[in-house]
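Data first, discussion second: the structure below is written as structure tokens.
The values are calculated or read from the model by the stated rules, or taken from the named source; none is laboratory data. These numbers come from a predicted model, not from an experiment. Cβ: placed from backbone, ideal geometry, glycine included. Neighbour counts: every protein chain shown. Each accessible area value is taken on the protein alone, full model and side chains, heavy atoms only, with ligands, DNA and RNA left out. Shrake-Rupley method; radii C 1.70, N 1.55, O 1.52, S 1.80 Å.
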Amino acid sequence: MLYHLKFSPDNTSFVSGLWEMELQRRLMEYPEDRHIRFTFFHSMSLSNEISRNADTLAPLFIIAVVFLMLFSVLCNMRLVPGTLYVDWVLSKPTLAMLGVLNAGMGALTSVGFLCFIGVTYTQIIGVMPFICLSVGVNNMFILVGALQATNRAHPVEERMSEAASEAAVAITITMLTDMLSYGVGCYTAPNAVLLFCIYSGVAVTITFFYQVSFFLGLLAVSARLEESGRHCMLFFKTVSTEDYKSQSIFVKLFMLGSRPHPDSHHQKMNQPDTTMIVFFRDVFAPFLMQPIVKGVVIVWIFIYLAIATYGCINVRLGLKPMNLLVADSYARPHYAALEDYFWKYGSQLQIIVNNAPDLRDPKERANIKAMVHAFASTPHSIGDDGVQFWMDEVTYFYQHEYNTSLLDPAAYHMIEHFMELPEYETWSEDISWETDVEIGPDDVRRIKAFRFLIGLREFAETTQQMETTTMMRNLAEEYPQYNVTTFMPLWLFIDQYMQVLPNVIQDIYLAIATMIMIALLLIPQPLCALWVALAIISIDVGVIGYMTLWGVNLDAISMINLVISIGFSVDFSAHVTYGYVVSNEDNPTDRVRMALSELGWPVVQGGVSTLLGMCMLATVDAYMIVTFFKTVVLVITIGLLHALVFLPVLLSMFIRGFCLFGNDKSLSLSTLSLPKMMKKRKVKPSPIVLAPMLGNIEYPSNLLQDRYSHSARSFLEPAHLATVRSVPPSHMRYFDWPAVPASHATRSVHHASRL
């Protein structure tokens with residue numbers, strides 16, 4: 001049963017809205033009847049029920065912040081070596097919590113700013129803060145890790161300078177890749193995707209500026225506390241860990257703090273390796289580089305792509321209206337009933353003639369009737385019996401009441417008379433008359449536009465709906481003189497079905513082209529740009545294929561996540577690829593070890609923080625929100641799989657050369673200091689003997705026998721230094737080499753000669 005309400009003018013629309021809400025209240029309070037089951041739906045049902053999705057997200061965002069704070073605190077706690085006691089100087093729990101709040105500030109600022117300047121806010125944007133929070137926390141890990149990797153014996157200013165320079169590239173890559181991926185999403189047709197990308201892109205940018213200003217200041221304060229040996233949370237002086245055995249249990253639990261070694265070259269105390277660095281360098285990477293493991297990974301890649309391709313072939317398109325609603329919405333049963341019973345036979349399509357002909361002309365009236373018959377005779381139309389056309393009613397009325405037909409000169413007057421009769425006044429809503437200003441010189445008020453309705457059949461499935469839409473629009477184009485348009489409420493969703501696949505393909509093309517440009521700029525090995533592009537394609541194919549197998553359609557919601565996946569895939573892949581390419585090791589296995597030792601744990605932290613930020617969405621019983629959760633899980637899981645397993649194996653097999661723009665054999669002391677290089681390779685400083693004369697630099701035999709000695713040798717072969725030769729350990733005079741540029745090399749050699 002259909003009840004038509006008036007929504008014009010505004011005061012009538014307001015009253016109609018109140019009537020709808022009162023009807024909803026009474027129907028929902030109607031006692032359950034075992035003989036009658038009814039559903040209902042009104043003009044505000046969809047918008048009101050969609051807003052319930054956003055209402056459930058606000059408390060979940062707070063819970064997500066708490067989860068990320070706990071994870072961040074755990075990741076930033078450091079223990080006293082060999083004990084289970086916390087090192088309250090090196091630990092950074094307060095800084096971690098403020099880092100999470102910093103990311104939340106970026107999300108909230110972006111929403112407030114864009115709403116202030118008038119950018120439309122839609123319900124789906126409520127998911128954006130979860131993603132922004134996760135990305136911001138990832139950058140926080142990078143900044144804190146960069147500070148912890150510096151030498152504690154150096155002044156705070158020097159440590160902050162080094163940490164900022166090290167982390168700047170990583171967080172800038174993250175910001176740029178995310179910004180560009182959202183920029184690609186802005187070229188898509190669905191307005192929901194466009195708005196989401198605008199809000200997300202602005203949020204990522206604002207969060208980045210907060211991190212390089214507000215959070216970097218907090219990082220400097222934390223470094224000051226560490227320098228003075230103060231408690232990271234309570235700010236008082238801690239007790240040195242060297243004397244912990246004689247302290248009380250209270251002091252051991254809450255007041256211990258390590259101190260840096262006065263000698264800045266004492267790396268074990270001043271730049272200790274974390275457990276995860278050791279794991280990725282000495283356990284995971286060597287295992288991954290075993291020949292049999294490489295073979296298993298290659299087979300795994302083919303299986304992964306085969307399953308993903310199968311999913312892509314069977315992808316389901318479209319976002320059904322029912323999926324926009326929460327599970328307990330009163331409108332879901334109504335949509336289910338429409339799909340089960342009425343969309344198969346009986347749905348109505350409105351056809352509007354925007355440029356009505358002169359209906360006093362019998363030929364034009366015949367043409368209009370022929371057009372109506374054409375619309376009623378398509379494979380998806382019920383036929384002439386399903387047509388509701390006011391002209392048929394007018395003709396029937398005059399034939400049966402007055403035994404006459406429409407008189408050509410008086411056609412408009414006869415139609416107007418018919419519409420004024422009380423029993424037929426409902427048909428007047430299907431006609432738009434000329435206004436007084438628009439009346440022509442003949443002083444006859446004409447019909448300038450009108451509509452008619454036809455019934456549809458075989459309209460339940462997505463493919464049938466798209467076929468019907470295309471068919472009706474093509475038929476309307478055959479009557480350009482009438483400017484015919486077609487409409488039904490479901491058209492809004494069918495248009496999205498038809499646009500989503502071309503837009504996804506367009507996004508992937510643009511993303512690959514854009515990210516290849518970034519890869520070429522940031523990775524000094526052009527061939528690696530190809531592998532980054534292949535990683536993007538593989539990740540997107542995997543996300544589309546596996547989300548289909550997980551019951552997720554390719555629609556506007558999942559398309560947003562594909563845009564996100566572009567940024568994440570480049571972020572993960574570019575970091576690992578860059579780490580591999582810039583490594584100074586000749587052996588691909590050693591390159592993988594060094595790349596994963598530096599980047600494996602940060603990549604895992606970023607992925608886990610994103611999953612924690614999104615995990616609360618799984619508790620919302622709504623397709624739209626759960627789709628976000630599922631696709632983000634796939635994006636992060638597949639992205640981590642590529643970054644930590646697939647890419648290292650493929651790079652070690654196919655990228656064996658050095659960077660195109662300079663390699664370790666051409667670098668000198670002017671580009672990299674030896675301690676920094678050796679620190680990155682995790683090589684303990686070995687003593688070097690310098691002959692007491694300018695130009696002779698001698699290595700100990702044990703250093704040259706070390707498998708990393710080729711790197712050390714190459715960095716001590718600038719043109720102005722003379723011979724390098726091996727000498728027995730008994731002839732050595734020792735010193736720890738300083739980090740100096742090439743311009744100071746001679747002065748450093750003279751200094752060593754005076755020892």
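Annotations for the structure displayed:
- Tabulated pairs, the stretch 327-352, first in contact (Cβ under 8 Å) with a residue 12 or more places away in the chain, second assigned to a loop (DSSP other than H, G, I, E, B) and among the aliphatic types (A, V, I, L, M), C-beta under 6 angstrom, 6+ apart or interchain: A331/L325; E339/A460; W343/A460; K344/A460; L349/M488
- Considering the conditions (1) closer than 25 Å to A618 by Cβ; (2) open to solvent by 70 Å² or more (accessible area, probe 1.4 Å), P31 is excluded by exactly one of them, (1).
- Residues located in the stretch 617-637, provided they are in a helix (DSSP H, G or I), more than 15 Å from V543 (Cα to Cα) and either open to solvent by 40 Å² or more (accessible area, probe 1.4 Å) or not hydrophobic (A, V, I, L, M, F, W, C) (or both): A618, T619, Y623
- Some residue of the stretch 510-527 being small (G, A, S), in contact (Cβ under 8 Å) with a residue 24 or more places away in the chain, within 30 Å of I124 (Cα to Cα) and crowded, with 23+ Cβ neighbours inside 10 Å: yes
- Residue in the stretch 587-603 that is of a type outside the set (A, V, I, L, M), open to solvent by 20 Å² or more (accessible area, probe 1.4 Å) and within 30 Å of V500 (Cα to Cα) present: no
- Residue in the stretch 542-564 that is touching a His at 6+ places or on another chain (Cβ under 8 Å) and surrounded by 23 or more Cβ atoms within 10 Å (Cβ to Cβ) present: no
- Per-region count, the stretch 425-457, residues farther than 17 Å from L359 by Cβ and either assigned to a strand (DSSP E or B) or touching a residue at least 24 places away in the same chain (Cβ under 8 Å) (or both): 7
- Residue check for V563: more than 18 Å from A511 (Cβ to Cβ), of a type in the set (A, V, I, L, M, F, W, C) and within 18 Å of the chain's Cα centre (by Cα): no
- Of the listed requirements (1) surrounded by 17 or more Cβ atoms within 10 Å (Cβ to Cβ); (2) over 30 Å from N553 (Cβ atoms), N323 misses just one: (2).
- Any hit, the stretch 94-101, residues being surrounded by 13 or more Cβ atoms within 10 Å (Cβ to Cβ), within 27 Å of the chain's Cα centre (by Cα) and in a loop (DSSP other than H, G, I, E, B): no
- For the stretch 365-395, the tally of residues that are in a helix (DSSP H, G or I), hydrophobic (A, V, I, L, M, F, W, C) and open to solvent by 20 Å² or more (accessible area, probe 1.4 Å) stands at 3.
- Residue pairs whose Cβ atoms lie under 7 Å apart, sitting 6 or more positions apart in sequence or on different chains, and linking a residue in the stretch 1-29 that is within 19 Å of E429 (Cα to Cα) to a partner that is open to solvent by less than 100 Å² (accessible area, probe 1.4 Å) and not hydrophobic (A, V, I, L, M, F, W, C), are L5/S16; K6/T12; K6/S16; F7/S13; F7/S16.
- Residues in the stretch 37-74 that are open to solvent by less than 70 Å² (accessible area, probe 1.4 Å), in a helix (DSSP H, G or I) and of a type in the set (F, W, Y) were compared, and the one that is modelled with the lowest pLDDT is F61.
- Residue count, the stretch 458-509 (criterion: surrounded by 13 or more Cβ atoms within 10 Å (Cβ to Cβ) and in a helix (DSSP H, G or I)): 28
- Test set (1) open to solvent by 30 Å² or more (accessible area, probe 1.4 Å); (2) at pLDDT 85 or above - I539 fails condition number: (1)
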